[in-house]
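The structure appears right after this line, and notes come after that.
The values are calculated or read from the model by the stated rules, or taken from the named source; none is laboratory data. From a predicted model like this one, the values you see are computed outputs, not experimental measurements. Positions of Cβ are backbone-derived with ideal geometry, glycine not excepted, and every protein chain shown enters the neighbour counts. All accessible areas refer to the heavy atoms of the entire protein, side chains included, with ligands and DNA or RNA removed. Shrake-Rupley method; radii C 1.70, N 1.55, O 1.52, S 1.80 Å.
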Amino acid sequence: MNCSISGEVPEEPVVSRNSGLLFEKRLIERHISDYGKCPITGEPLTMDDIVPIKTGKIVKPRPVQAASIPGMLGMFQNEWDGLMLSNFALEQQLHTARQELSHALYQHDAACRVIARLKKERDEARSLLAQAERQYPVSALNAPTANAPVLSNGKRAAEDEDLAPGAKKIHPGISSSVISELTDCNAALSQQRKKRQIPATLAPIEALESYTQISSHPFHKTNKQGIISLDILYSKDLIATGGIDTNAVIFDRPSGQILSTLSGHSKKVTSVKFVAQGESILTGSADKTVRLWQGSDDGNYNCRHILKDHTAEVQAVTVHATNNYFVTASLDGSWCFYELSSGTCLTQVFDSSGSSEGYTSAAFHPDGLILGTGTTESLVKIWDVKSQANVARFDGHAGPVTAISFSENGYFLATAAHDGVKLWDLRKLKNFRNFAPYDSETPTNSVEFDHSGSYLAIAGSDIRIYQVANVKSEWNCIKTFPDLSGTGKATCVKFGADSKYIAVGSMDRNLRIFGLPGEDAPSES
């Protein structure tokens, strides 16, 4: 009877109660301590299942070769030969492995060289294309007539281009039909707001308290790091980011893939906005231009209009609720009201008081007849879009107003500046609450209500989420996220659909997504 493991006659035989197999005691005990199961059947096996077998002392017979000195010498010679053959085989395998490794390293080095060359050629091609677009916009080639008063790329006709310095361009103005469209939209949205209820799918406070970073995506170039603008298209869960590297990136969050990179601006992209269902995208830049990008069937976006009505950095772009018009605000002290379909500037509004302050932020009221703007001189100005009149001014901030956001209920306005965040009651036109989350050396860069008006996000040296209450009740801080970029500057923040996640841009090149761990989170890019 032989051991089921070694195949030899056991010195201390034992048998398994479960399988009836015979084993050498020391071998089966070691196997059970390592694996806890039978080595033959794979069934669970413990020490208690082993029964020793009592036998007489076994004397192993001496092999015939070991019975004489010549026989033992022959055994040793055979073992030596086998050892030499095994050593030779190992040396052959080592030599083959070294050759394969050398070949793989050579291929890797060659591939790295090819990739580096292709990247260099790609960057050079992009640079040449951007220069060509600035000099000869593509859409100008598709203009129906060479003498049209307004070209399709947003540039004015030749007579406007030849205006003397300091002269103002002539704009057609906001017509009665446009005002009627804005008024009808306002009436419809106001009626809907009266019946508005908090959606049942909105993330509860308990969920936001458990949010943590679930993904990070490096979009922009490493030599010019910084994401300074952000927007989300809720219907398709697309995220657009604008960077200091002059590019805007369109990102599909569910798949974790970059859909398109919009190149063409010559300076940082200060604002990016989706229009309607994402068929169009607006980008504003420090190069004084606004670009309107049109989506194509292949998923890319082509520049359809280049708008050059401003004479200084464009700081903000905001889209009207009709998705037919949009407003741009600039450091030149004006805001422009555009028609989306044609790229025509209907009116350019300067402050009638003669103030030289520039605009640093802008946002439409949810109903669309009120426009809010923030200035370099710490003022918040409220405008009547129909008459383009400044109907209210809020002061009290310190430093430029970096961001403004209207609540979905239409009653509250949040503004951010160097000294923190102020909340304004638009019914009484007064400030009712202040947040100063950071020290005097740290500005607040962004403030944003969620789409339901239930939460408020603030971004500076970290990101803080508040529960929205009323004028008299306390607005409690639900969650504080650290700035994981290491720069100490979170520049923009935006709630996802139903606040199921929060997107944050910082002064590194990464877009960070905060949400519930393991819930619909794409892998890191």
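Contour minus end-to-end for Q77 and T376, with contour as 0.36 nm per residue of separation and end-to-end as the Cα-Cα distance?
Net length gain for the segment: 98.2 nm.
Taking the Cβ of V471 as the center, what net charge do the other residues with Cβ under 12 Å away carry, scoring Lys and Arg +1 and Asp and Glu -1?
+3
Which order do E79, E24 take by accessible area at a 1.4 Å probe, largest first?
Accessible-area ranking of E79, E24, largest first: E79, E24.
Could you give the C-alpha radius of gyration of segment 193-352 expressed as a fraction of 2.2 N^0.38 Å, taking N as the number of residues it contains?
After normalising by residue count via 2.2 N^0.38 Å, the value is 1.12.
Suppose the chain between R17 and L94 were pulled fully straight at 0.36 nm per residue; how much longer would it get relative to their current alpha carbon spacing?
Gain on stretching R17 to L94: 23.1 nm.
Considering only protein heavy atoms, what is the solvent-accessible area of E181 at a probe of 1.4 Å, reported in Å² to the nearest 10?
Number for this one is 60 Å².
Could you give me the radius of gyration and the Dmax of the chain, taking only the C-alpha atoms into account and expressing both in angstrom?
Gyration radius and largest Cα-Cα distance of the chain: 36.0, 121 Å.
Between A362 and residues 5 or more places away or on another chain, which pairs have amide H atoms under 5 Å apart, with H built 1.01 Å from N, and which residues are they?
Excluding prolines and chain starts, which carry no amide H, the hits are G374, I404.
Once amide H atoms are built 1.01 Å from N in the peptide plane, which residues 5 or more positions from L340, or in another chain, come under 5 Å H to H?
Amide H to amide H, under 5 Å and 5 or more residues apart or across chains, L340 pairs with Y325, F326.
Considering amide H positions built from the backbone, and no H for Pro or chain starts, which residues 5 or more places from K479, or on another chain, come under 5 Å of its amide H?
I465
Express in nm, to one decimal, how much length is gained between E279 and R196 on full extension, taking 0.36 nm for each residue of separation and deducting their alpha carbon distance.
27.2 nm
Measure nothing fancy, just the Cα-based angle from helix 176-194's long axis to the longest principal axis of the chain, in degrees from 0 to 90, nearest 10.
Roughly 50 degrees, rounded to the nearest 10.
Over the residues of segment 13-52, compute the C-alpha Rg and express it relative to 2.2 N^0.38 Å.
That works out to 0.95 for segment 13-52.
What is the sum of charges, Lys and Arg at +1 and Asp and Glu at -1, for the other residues whose Cβ falls under 10 Å from the Cβ of L182?
Net charge around L182: -2.
In sequence order, what are the phi-derived ³J(HN,Hα) couplings for segment 497-514 according to the Karplus relation 6.51 cos²θ - 1.76 cosθ + 1.60 with θ = phi - 60°, rounded to whole Hz, with x for glycine and proline?
Computed from phi, the couplings for segment 497-514 are 4, 6, 6, 6, 7, 10, 9, 9, x, 9, 7, 10, 9, 9, 8, 10, 10, 10 Hz.
Which lysines, if any, have their Cα less than 26 Å from the Cα of K54, not counting same-chain residues under 8 positions apart?
Within the straight-line limit of under 26 Å, K54 reaches these lysines: K25, K37.
Ordered by residue, what ³J(HN,Hα) values in Hz, to whole numbers, does segment 285-299 give under the Karplus form 6.51 cos²θ - 1.76 cosθ + 1.60, where θ = phi - 60° and Gly and Pro are x?
Karplus values, whole Hz, x for Gly and Pro: 9, 6, 7, 6, 10, 10, 10, 10, 9, 10, x, 10, 5, 7, x.
Charges at C-beta only: +1 for Lys and Arg, -1 for Asp and Glu. How large is the resulting dipole of segment 197-515 about its Cα centre, in Debye rounded to 20?
Roughly 100 debye for segment 197-515.
Using a probe radius of 1.4 Å on heavy atoms only, what accessible surface per residue do you get for the chain? Whole Å² is fine.
Heavy-atom SASA per residue in the chain reads 52 Å².
Rounded to the nearest 500, what is the 222 nm mean residue ellipticity of the chain from helices alone, with -39500 (n - 2.57) per DSSP H run of 4+ residues and division by all residues?
One gets -7000 deg cm²/dmol as the mean residue ellipticity at 222 nm.
Provide H31, H103 ordered by accessible surface of protein heavy atoms (probe 1.4 Å), highest first.
Ranked list, largest accessible area first: H103, H31.
With the full set of protein chains in place, find how many percent of the accessible area of segment 13-52 is carbon and sulfur; take the probe as 1.4 Å.
Accessible surface attributable to carbon and sulfur in segment 13-52 totals 47 percent.
For the pairs K308/K386; K221/K489; K195/K494; K288/K479, flag any whose C-alpha to C-alpha distance is greater than 27 Å.
K288/K479
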